[in-house]
Structures are given as C-alpha cells and as structure tokens.
1. How much length, in nm to one decimal, is gained on full extension between Ser203 and Tyr215, taken as 0.36 nm per residue of separation minus their Cα-Cα distance?
2. Helix 144-158 versus the longest principal axis of the chain: what is the Cα-based angle in degrees, 0 to 90, to the nearest 10?
3. Run lengths n ≥ 4 of DSSP H only: what is the helix-derived mean residue ellipticity at 222 nm for the chain, with -39500 (n - 2.57) per run over all residues, to the nearest 500?
4. What spacing in nm lies between the two simple spin-label points modelled at Glu189 and Asp167, each 7 Å away from Cα in the Cβ direction?
5. I'd like the orientation of helix 69-80 relative to the chain: the angle between its Cα long axis and the longest Cα principal axis, in ° from 0 to 90, rounded to 10.
6. Which entry in [x] 7, 24, 27, 19, 13, 7, 2, 0; [y] 9, 34, 33, 17, 7, 1; [z] 8, 34, 37, 18, 3, 0 matches P(r) over Cα pairs in 10 Å bins from 0, in percent derived from the coordinates of this structure?
7. Just going by the charge dipole of segment 8-155, with Lys and Arg at +1 and Asp and Glu at -1 on Cβ, which of Leu125, Ser56, Leu107 is farthest out on the positive end?
8. Would you mind finding the longest exposed-site-free stretch of the chain, with exposed GluC sites (Glu not before Pro) meaning DSSP loop and at most 12 other Cβ atoms within 10 Å?
Amino acid sequence: MSVTGVWVVGAVPDERVRDLLSAAVQESSSTPVTVRCDMPAGLTWWRGKAQESLFSASTTSPVSWSADDDAFRLSAFIDSCYDDSEHAESLRDAVMNQFPPDAEQGLFAAVARKASPFSALAYALGPDAVMRLPGWFGDFLLDAEQVRTQLPAAEETLALTGARRRDVVERIHAWMTGLGDDPDHDAEELLDGPLRVLHHAISTDQGAAGQVRWY
C-alpha cells in the first residue's frame, strides 16, 4: 500500500494559537505522551553518521539512489519521535483547520510519495541543525512573539547558499528517490518555503505552526 508524507507550515492567527495552546495544556495533564524514541541514543548514533551518505548510486537509474540500511534506521528513528496519541492527532487536526486556504505567503505544503519531506530535510541538514529549528522534528505551534524569537535560528539553519545549499539539495534528492518515489520533488522549496511562512507571520503579526503527517 502506498503512503504519502506531508509537511505543512502555515501562519495561524495569534489569538487562535493561544486558544489551542491553552486547550492542549489542559488536556495533556490527563493524557500520556506516546513518543517511542530513545532520543539520547538516537541522536548519538545519528551524529556519528551525519557526515556520511546513507545512499548509494542506483545501478538502474542515473538520477536515483538506493537506500542503505542506515537510511531505513534513520527514517524509523525520526518517525518514532512523534507523539501519535489521539490527543496529539486531535490537536494537529485543530491546527490544520486554522491554516490559510490557499498556498500563498502564509502556507507551505510539501508532499511526497512514500517519503516524509521533513525527514528528507532532516537527513540533509544533520541532527544539530535540525535541533535548531522550531519545535520538535517539524511539529510546532508558536505565538507571534515566539515566531519572532525563533526566526534567527530558522534562518541560520535554512537560508543556505553556495556549496552547502547544493549539498543539502542533493541529499534531499537522494532521500526522495532512495526511500521515496518522488524524483521531481522541489528540494529547494523545503528550505525556502518554511522561511517564507515565518516571515509572513511576522509581517502580519500572526503565529505559525508546522506539522508532519502521513496519509
């Protein structure tokens, strides 16, 4: 069965962010978090592999890659870091309902067949850079002040140029073809799109949210 990975980042009215956060805090006191990952061990392992390619050139297609065992391990580790409880999914649905209806400045959506766009970005950036991004592995809910506070770290992580940007784009492509089935995925938009939304949120005095989902 085919699955589709999605990463959405959108501007959210500041007053709605406060309402959502307040409701989430009230419900979380009686709802256990169901994150399955061993974060310290996982990050230690990932840091040891961060400079390596986890993919080999495909022998059947000159523009594709084949995933090594460590690529599958990293994918499983990142997937295990999300809270998939009913409470967390309900909050994601409520946040999704607040996103702008069209994909302009206030909304970014990356979709990939058989691969998570955020996981591809995480592999490309490496663990230490990913931990500087807002929230938790692509999931976040920030009010307007928090967006302003966290923008510099997001810019440092995503506003790449030159050889570093080319390397990140190539690594995203390897993930999207080695683990996914999306050779035409717009890798550069994974860097530019989230920043565009954060800048829009600041210019309109809104909050922002991101969420990683599978369908």
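Bear in mind that the values in this text are calculations on the coordinates, not laboratory data. All of these numbers come straight from a predicted model, not from anything done at the bench. All Cβ positions, even for glycine, are placed from backbone atoms using ideal geometry, and neighbour counts span all protein chains on display.
1. Numbers: separation 12, 0.36 × 12 = 4.32 nm, distance 3.21 nm.
Additional length available on full extension: 1.1 nm.
2. Tilt relative to the chain: about 10 degrees.
3. On the way: 9 runs with 111 residues, N = 215.
Mean residue ellipticity at 222 nm (helix-derived): -16000 deg cm²/dmol.
4. 2.6 nm
5. 10 degrees
6. [z]
7. Ser56
8. On the way: sites that count: Glu52, Glu104.
Counting at most 12 other Cβ atoms within 10 Å as exposed, the longest clean stretch of the chain is 105-215.
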